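Following: one structure in structure tokens, then a few remarks.
The values are calculated or read from the model by the stated rules, or taken from the named source; none is laboratory data. If you're wondering where the values come from, they're calculated on a predicted model, not measured in any experiment. Heads up, the Cβs are rebuilt from the backbone with ideal geometry, glycines too, and the neighbour counts pull from every protein chain shown. The protein model used for the area step is the full one, side chains on, heavy atoms only, and it has no ligands, DNA or RNA in it. Shrake-Rupley method; radii C 1.70, N 1.55, O 1.52, S 1.80 Å.
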Amino acid sequence: MCGIVGLYLKNPALESQLGKLFEPMLLAMTDRGPDSAGFAIYGDEVKDGWVKLTLQSTVGEYDWKALMGALEGRLGCSLDWFQNASAAVLKVAAEEAVVRAALAELAPQVRIMSAGQSIEILKGMGLPAEIAERFKLANMKGSHIIGHTRMATESAVTMEGSHPFSTGADLCLVHNGSLSNHSRLRQELKRKGITFETLNDTEVAAGYLTWRLQEGDSLKAALDHSLEDLDGFFTFAIGTRNGFAVIRDPIACKPAILAETDDYVAMASEYQALASLPGIDKAKVWEPEPATMYIWERKSA
């Protein structure tokens, strides 16, 4: 079944409260996805020439300090990093491909959840409340965030199989529904250079958007093409460095609700997830139309 929630702040004065505003939204989706949960938050940007990566270990406790020391020596440059529960956020003045290669050699048991200049993806198995507490979601700051609570249907319950999925710089996707042609698309996208780490159909959707953007599509054009090339039922919420988007398939059997005020845009699988937001009683609230994209983006700095 799964639950999706997203919050995009139009008012920068609210950015210090992003996690506090978002946490009740994620928890409200517990019944729709009790086996795992995650979120992608945007903020704390690194400057041009730097890359920020979110890392999580596939084994319990992990010695992040030792890894960062070894990585610093391998790369020959200083780096910034901090630990957040079972994850680490790394910031380094180096090319992403070089950092990925070093991590693959030094720490094959570590997974790269996200990479870019703004995004951090934190996720894991357990109830949404456990995930929120583990990563101290309520204390987090940023400009926008999307989240997901999962009830697994077509792949195993694992940290790697949790949403969001990211297959490109500062791009991520969460999904309620199922894709019927993901196996064929995965093979086609692999031949085009897109890499995958799970058998989850949602990761294929994320990889598809990454490929379209690499081909020169705008986000709107990529989503237009997705309606032609992705078979199945879906509600997608997509995060980018500068904003987020929502789209449903042409049949639109998977639920979604949107709300907008002067301060924010919010979306969820059910209205109850929006009820805690300030000013929701005065918000414009509507159900997104089938095969129609809704995009909110701020201008690039």
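Computed on segment 158-226, with alpha-carbon pairs under 8 angstrom and 6+ residues apart, the relative contact order is 33 percent. Under 17 Å from the Cα of Lys190, which aspartates and glutamates turn up, not counting those fewer than eight places away in the same chain? Partners within reach: Asp201, Glu203, Glu215, Asp229.
What the Kirkwood sum gives for segment 237-301 is a hydrodynamic radius of 12.6 Å, with every pair of different alpha carbons counted. Our summary gives segment 77-157 a relative contact order of 18 percent, counting only alpha carbon pairs under 8 angstrom and 6 or more residues apart.
Helical runs assigned H by DSSP (4 residues or longer) give the chain a calculated mean residue ellipticity at 222 nm of -7500 deg cm²/dmol, each run adding -39500 (n - 2.57) before division by the residue total.
The charge dipole of the chain, taken about its Cα centre with unit charges on the Cβ of Lys, Arg, Asp and Glu (plus for the first two, minus for the last two), comes to roughly 300 debye.
For the residue pairs Lys91/Lys141; Lys10/Lys299; Lys141/Lys282; Lys47/Lys220, alpha carbon separations beyond 22 Å are given by Lys141/Lys282; Lys47/Lys220.
The Cα center of segment 190-252 and the Cα center of segment 71-103 differ in position by 28 Å. If you look at the Cα atoms of the chain, you get an Rg and a Dmax of 18.1, 55 Å.
Taking amide H positions as modeled 1.01 Å from N, with prolines and chain starts lacking one, no residue 5 or more places away or on another chain lies under 5 Å from Met293.
Are any of the pairs Lys20/Lys65; Lys254/Lys284; Lys52/Lys136; Lys20/Lys123 more than 24 Å apart by Cα-Cα distance, and if so, which? Too far apart for the 24 Å limit: Lys20/Lys65.
Rounded if a/c is under 1.5, else prolate if a/b is larger than b/c, else oblate: which is segment 79-209, with a ≥ b ≥ c the root eigenvalues of its Cα gyration tensor? It is oblate, given that a/c is not under 1.5 and a/b is not larger than b/c.
Taking a ≥ b ≥ c as the square roots of the eigenvalues of the alpha-carbon gyration tensor, segment 13-144 is classed oblate because a/c is 1.5 or more while a/b is no larger than b/c.
For Arg186, Arg134, the ranking by accessible surface with the largest value first comes to Arg134, Arg186, using a 1.4 Å probe.
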